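Before we start, here is the structure in question, set down as structure tokens.
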Amino acid sequence: MASFKLTAVRPFPMSHVKRLAKLSASACFISILLACGGGNSTSDMVGPITPDSTTPPTGISTPTERVPLIITPGAYTSTISGKDWVTILMRSQQGSGSTSQFLSLYYNTADPDIFSGSGLIAGVESAALAKVMLFQNTLSSVRIGTGTVSKTSATSLQANLSFPATGSELAKSIAVSANMPAAYQYNLAPTQTSIQGTWQGRWSYGMGSSDNFSLFISSQGLVTTSLTFQQDCRITQSTLLPNFDGTNLFAWNLVIPNATLCSFKSQTLTGVAFVTASPVAGKTQRLYAAAISPDGRGVSFKADR
């Protein structure tokens, strides 16, 4: 059987017990002061604890720098109250500070109102338009206004146009956001073969229109027709050629010679055109084209084939 030896334990000195009690009380008092503030502000005792600014807390993402949206030349389409709206931006000069031509067709009826302007548009996020004009369908006069364009997404463009009241015309304001048509690639240069051949559609010129109007575009981009409009307006020296900057647009130029009854007589019109998918059953291509004179009056052409 194992044996056990009892050893006497020396009593803990009373002086040590009293000393420990005092230390314990002091520690408790300090703890209370830290927890409750002890009547002083925390800045009197310890500085605020801040996280390391170089390392974000776990689960919190750091803000990313916003990438600016850049206006790109091309075609944009939308609807206003179910009516088609078409905007075309085309560079008109080479160089980083180039101006762009702004043209919009609003098909409030079968024949569109033509909005036009220009400005340092391409390559910025928003821009003011200079010399904003409105050539309303069925009216021979041109209204002058103001406008801006801005990029709202990678494929959409916002246009804000305002025209003050003049005479019998009420003030007019339009704000519309348009998107590039489906399958339309603005930076894919068009080929002449995509537009050449015969197109038959609606020719509009403000004071009237001609349905079943035919244009023939050659492989060299020459535009010809045997038809006239507004009695004796003829189209001469007309070309539709891919624009110089490689965007998916055609530059359109035409001369209308002197005539007796033609309101466009002796005018040179400049504008733009593009080809997109046709929404008409049995057709594959749609051509939109518009050109204006220096005073803002214009013609337009829409055809499917």
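Just so it is clear, none of the values below were taken in a lab; they were calculated from the coordinates. All figures in this text were calculated on a predicted structure; none of them were measured in a lab. Methodologically, a virtual Cβ is constructed for each residue, glycine included, from the backbone with ideal geometry; neighbour enumeration extends over all protein chains shown.
Just give me the residues in region 217-243 being among the charged types (D, E, K, R) and under 33 Å from the mean Cα position of the chain (by Cα), in sequence order.
none
In region 259-283, how many residues are touching a residue at least 24 places away in the same chain (Cβ under 8 Å), over 30 Å from the mean Cα position of the chain (by Cα) and part of a loop (DSSP other than H, G, I, E, B)?
7
I'm checking my understanding of the structure. Among residues of region 92-150 that are outside any strand (DSSP E or B) and among the aliphatic types (A, V, I, L, M), which one is farthest from residue 209 (Cα to Cα)?
We begin by selecting, within region 92-150, every residue outside any strand (DSSP E or B); these are 92-99, 107-112, 120-125, 136-141.
Next, only the ones that are among the aliphatic types (A, V, I, L, M) stay: 110, 120-122, 124, 139.
Working: 110: 9, 120: 33, 121: 31, 122: 33, 124: 37, 139: 12 Å.
Residue satisfying both the conditions and the ranking: 124.
Here are some conditions: (1) at negative phi; (2) touching a Pro at 6+ places or on another chain (Cβ under 9 Å). Residue 281 meets all but one. Which one does it not meet?
(2)
Now for a separate question. Would you check if residue 142 is touching a Leu at 6+ places or on another chain (Cβ under 6 Å) and buried (at least 17 other Cβ atoms within 10 Å of the Cβ)?
Considered against the rule, which asks whether it is touching a Leu at 6+ places or on another chain (Cβ under 6 Å) and buried (at least 17 other Cβ atoms within 10 Å of the Cβ), residue 142 comes out as no.
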